[in-house]
1. Can you return the aspartates and glutamates within cross-link range of residue 60? Criterion is Cα-Cα under 18 Å, with same-chain partners fewer than 8 residues away left out.
2. Among 5-18, 93-106, how do they line up by average Cβ neighbours within 10 Å per residue, starting with the highest?
3. Please compute the length gained on full extension between residue 80 and residue 48, using 0.36 nm multiplied by the number of residues separating them and subtracting their Cα-Cα distance.
4. Got a sec to turn the phi values of region 60-76 into Karplus ³J(HN,Hα) couplings, 6.51 cos²θ - 1.76 cosθ + 1.60 with θ = phi - 60°, whole Hz, x for Gly and Pro?
5. Remind me, what semi-axes does the chain give for its equivalent ellipsoid, largest first in whole Å, using sqrt of 5 times each Cα gyration tensor eigenvalue?
6. Can you tell me the dipole magnitude for the chain around its Cα centre, using point charges on the Cβ only (Lys, Arg +1; Asp, Glu -1), in Debye to the nearest 20?
7. Under 5 Å between amide H atoms, partner at least 5 residues away or on a different chain: which partners does residue 58 have, H built in plane at 1.01 Å?
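Since every read-out is calculated from the coordinates, none of them should be taken as a lab result. Quick caveat, the model's predicted, so the values are computed rather than measured. Glycine gets a Cβ as well: all are built from the backbone with ideal geometry, and neighbour counts include every protein chain shown.
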Amino acid sequence: MADMPRILVVDDSRLVRMALVRSLKDHYEVREEGDGESAWQQLILDSSIRAVISDLQMPKLDGLGLLQRVRSSKLRRLVDMPFIVVSGEETEEERERARSLGASDFVTKGG
């Protein structure tokens, strides 16, 4: 299982992170962070990360704030990186804001 693409899962809920890791681990090497600020640091330091799956509501830096930093980064690898927003409280306004900031996709968490 060497050389699997590395992705970053960002959610303040450990249970959600565990569920996502369980779903993704057969095809990806998964890194986890519990808030947007820690995720941002990980993205800056780890150039092998190929995609982000992020919650919207998190402490320190929310998902939209993280998305905005990624898309406005001076690092080309971040600007072009796939970024999937996952939210349990989907509204059309959130979807539109995520799209306008450059989200690759928007997925609603199951209840």
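1. 11, 12, 32, 33, 35, 37
2. On the way: 5-18: 17.9, 93-106: 15.4.
The peptides rank, most packed first, as 5-18, 93-106.
3. Values: separation 32, 0.36 × 32 = 11.52 nm, distance 1.35 nm.
Stretched out fully, the residue 80 to residue 48 stretch lengthens by 10.2 nm.
4. Ordered by residue, 3J(HN,Hα) equals 6, 8, 6, x, 5, x, 5, 4, 4, 4, 4, 6, 9, 5, 7, 7, 4 Hz.
5. Values: eigenvalues 76, 61, 31 Å².
Ellipsoid semi-axes (Å, largest first): 19, 17, 12.
6. Numbers: 17 positive and 20 negative charges, 87 e Å.
Charge dipole, the chain, about its Cα centre: 420 debye, nearest 20.
7. Here 63 satisfy the definition.
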